[in-house]
Amino acid sequence: MGKKTGKMFKRILYGGDYNPNQWPREIWEEDMRIFRKAHINSASINIFSWAKIQPSEETYYFDELDDIIEMLSKEGYDIVMATSTAALPAWMVKRYPEVARTDYYGRKHKFGQRHNACPNSLVYQKYAKALAEELAKRYGNNKNIVCWHVNNEYGGECYCESCEKAFRVWLRKKYKTIEALNKAWNMEFWGHTIYDWDETVLPNALSEGIGEDKTAFAGISIDYRRFNSDSLLENFKMERDAIRKYDPDTPITNNLMGTYKGLDYFKWAKEMDIVSWDNYPAYDTPWSMTAMRHDLMRGLKGRPFMLMEQTPSQQNWQPYNSLKRPGQMRAQSYQTVAHGADTIQFFQLRRSVGACEKFHGAVIAHVGHENTRVFREVAQLGKELKELDCILGSDNPSKVGIIFDWDNYWALEYTSGPHKDLKYVDQIHNYYRYFYEKNIPVDMIPIDGDFSKYDVVVAPVLYMVKEGVGEALEEYVKNGGTLVTSFMSGIVDQSDNVYLGGYPGPLRKMAGIWVEEIDALAPEQHNTVVFTDGIEYTCRMLCDLMHLEGAESLANYSSDFYAGTPVVTRNKFGKGRVYYIGTDLEESALDKVLDQVTAEADVSSIINEPTKLEVTYRESEKERLYFIINFVKDEQPLPKCFAGKRDLLSGDELGDDTKLKQYDVILVSIHK
């Protein structure tokens, strides 16, 4: 693999997806003129050019790509070079129809769309690998290429016969024997015992599927999720290794998609030199959710990441595609850098003339010139980022880790009951929101991470506790750590079979409780809880009916037949503590619990005063760079601790009376 250091680039990459192949040559020169005015220094190219550069099985055509690379190199651009393998050329599907995917409903697809290749098609693998190798052979020595971009936004599933056969091979490697497979999937249920490997079938609408998000046998469907993620990962590794034959050093990435459900990104990140991702919040996405996704992308490798795509203003594929308000794109970009990005890149640099993304925002709009509001904001940001290369490779220190685990994501949302509205990402975000609003930095961490680095580890809805995880968490708490977990935790093993002996299974001893039953409340229903100080709050969705086994109760239910029983508990275990939250508390009640957690663990905000501003910092050996951003509508006062400092963006000295309007950004450097 390539470079291992935290600092991958010599400067902050500022640019994005560029498709000059869609335009006549005279437009290219005009693009260069306009981009110079925006201080753009990089371009991601060749992302969907397979049909252009390989018009037939035996033929490669690189003349136009040569010209594009020559033009960008002369302009001094840092080039992100894609491999073009995310959409099949028509000749391949015509000649080899088996390369196209079969969907969840068993329908064989024809040529069209993108992400349209079966990952287990040997034909697709042959040609994708060959193309990546040809590109690396031709351009691997170009010093302007600073990153390789394999494929694009891997995703989706295939349910064809090739995948079914490959799934059986994958299962044999994992389970070794049919007996182990039957036990793992609990195939005695409904008499589903299988006697030979070729009796296993894909869990789609023609077999175990009950709609795309439900299944009769979660063990089968979770394994297929794992298999599909692994299959696509093998495609990535195949192209990566082909590039490495000719370019041993340049970082290689693929653009991920935040909390995308389909792929186990922690597993993927181990195979990538640097993580990149595409950030497309909706008009009503909470800023805390966007921040959480940035922290997750940083957490995949525990180092800075690339923002590969965002729109300068408007998206086109969401139900409601609002314009970004003046200043919003700039504030969003600084939030991205604050949470660990070393690049800011857009999709797209010039707005497409046709097809489904023609209304997706771009640096150059359909009018074709730079006299637009969006361009002026892009140019302002580009000018500012030129002065911030000092941020490259710096860290985001944190004392709090929140576990995010794709196996739990899949398993929790496959389970039949107790509540259809229980969503993994939403539950993780409920807890993340607290730390975000308190300006307490957070790392998003894997289930097999190093917990000892954190004073507090938060593991909401840790439904699936895989082998060794319970023991690792016990060791962490015994040594003085604080663990926070919740309802629907410690329920099943890695195959979705329930731990017998009482919930929360492997967590029961250290939590000091036994959950006897789980009540489900309909959307119009709620319950109430009362804390030891007498203050009452509401809760909803799920309610654990539990018994204390050494823990103390911090709050009890105050309504329904289980009124008076514990709902929030704390248990001393070794040198540490375990907090268990047995229901979906309203925000203020959850804040109350987490206030106690952070106080006891001596975890505090990075500033010593309350504020509605987002305050984040990145740290190098010499300095801390604080990002102060106002995402709320009302004007907000600058925290007093920054008075007398200088704003790096405006050059102004900050005073006690400094205020930030919505989307204002201030950067302050404090030397260590």
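Would you work out which of 616, 439, 135 lies farthest towards the positive end of the dipole of the chain? Charges go on Cβ: Lys and Arg +1, Asp and Glu -1.
135
Can you list, bin by bin at 10 Å, the percent of alpha carbon pairs in segment 614-671, starting at 0?
All Cα pairs, binned at 10 Å, distribute as 25, 57, 17, 1 percent.
State to the nearest 20 debye the size of the charge dipole of segment 161-221 about its Cα centre, where the only charges are +1 on K and R beta carbons and -1 on D and E beta carbons. Could you put the intermediate results ahead of the total?
Details: 8 positive and 10 negative charges, 73 e Å.
With Lys and Arg at +1 and Asp and Glu at -1, about 360 debye.
Report the one residue of 232, 184, 194 whose Cα lies farthest in the direction of the positive end of the charge dipole of the chain (charges on C-beta: Lys and Arg +1, Asp and Glu -1; origin at the Cα centre).
Result: 232, furthest along the dipole toward the positive end.
Students often check this: by mean Cβ neighbours within 10 Å, which of 525-535, 258-268 ranks highest, and how do the rest follow? Before the final figure, lay out each step's value.
Numbers: 525-535: 15.1, 258-268: 18.9.
The packing order, highest mean first, is 258-268, 525-535.
When 482, 343, 193, 59 are ordered from fewest to most other Cβ atoms inside 10 Å of their Cβ, what list results? Walk me through the numbers before you get to the answer.
Values: 482 23, 343 29, 193 14, 59 8.
Least crowded to most crowded, the residues run 59, 193, 482, 343.
Within straight cross-link reach of residue 659, meaning Cα distance under 14 Å, which aspartates and glutamates are found once same-chain residues fewer than 8 apart are removed?
Result set, ordered by chain and number: 614, 634, 635, 647.
Give, in nm to one decimal, the length gained when the segment between residue 560 and residue 478 is fully stretched (0.36 nm per residue of separation minus the Cα-Cα distance).
Working: separation 82, 0.36 × 82 = 29.52 nm, distance 3.59 nm.
Extra length available between residue 560 and residue 478 comes to 25.9 nm.
Please compute one quarter of the surface area of the Cα convex hull for the chain and express it in square nanometres. Walk me through the intermediate numbers first.
Working: hull surface 122.2 nm².
Spelled out: convex hull of the Cα atoms, projected over all directions, averaged, 30.6 nm².
Which of 37/237; 173/214; 399/466; 438/672 have a Cα-Cα distance over 29 Å?
Values: 37/237 38 Å; 173/214 26 Å; 399/466 24 Å; 438/672 23 Å.
In this structure, 37/237 lie more than 29 Å apart at Cα.
Full-extension gain between residue 366 and residue 205, please, as 0.36 nm times their residue separation minus the C-alpha to C-alpha distance.
Contour length minus the Cα-Cα distance gives 53.7 nm.
Expressed in nm to one decimal, what extension gain is obtained for the pair residue 113 and residue 270 from 0.36 nm per residue of sequence separation less their Cα-Cα distance?
Details: separation 157, 0.36 × 157 = 56.52 nm, distance 2.92 nm.
Contour length minus the Cα-Cα distance gives 53.6 nm.
Output the relative contact order of the chain, whole-number percent, from Cα pairs under 8 angstrom with separation of 6+ residues.
It comes to 11 percent, rounded to a whole number.
Positive end of the dipole of the chain, charges at C-beta (+1 Lys, Arg; -1 Asp, Glu), about the Cα centre: which of 451, 242, 374 has its Cα farthest in that direction?
Going by the charge dipole, the pick is 242.
Can you give me the distance in nm between label points at residue 671 and residue 517, each placed 7 Å from the Cα along the Cα-to-Cβ direction?
6.7 nm
Using unit Cβ charges (K, R positive; D, E negative) and no other charged atoms, how large, in debye to the nearest 20, is the dipole of segment 614-671 about its Cα centre?
100 debye
What is the calculated FRET efficiency for residue 212 to residue 328, with r their C-beta to C-beta distance and R₀ = 35 Å, to the nearest 0.05? Intermediate values should be presented prior to the final figure.
On the way: r = 33 Å, r/R0 = 0.96.
After rounding to 0.05, the efficiency reads 0.55.
Suppose every K and R has +1 on its Cβ and every D and E has -1 on its Cβ; what is the size of the dipole of the chain about the Cα centre, in Debye to the nearest 20?
Working: 81 positive and 98 negative charges, 363 e Å.
Rounded to the nearest 20 debye, it is 1740 debye.
Counting other beta carbons within 10 Å of each residue's own, what order do 160, 641, 356 fall into, fewest first? Could you put the intermediate results ahead of the total?
Values: 160 21, 641 16, 356 10.
Ranked by crowding around the Cβ, least crowded first: 356, 641, 160.
Read the figures in this text as sums done on the coordinates, not as results from a lab. Keep in mind it's a predicted model, so treat the numbers as computed, not measured. Cβ: placed from backbone, ideal geometry, glycine included. Neighbour counts: every protein chain shown.
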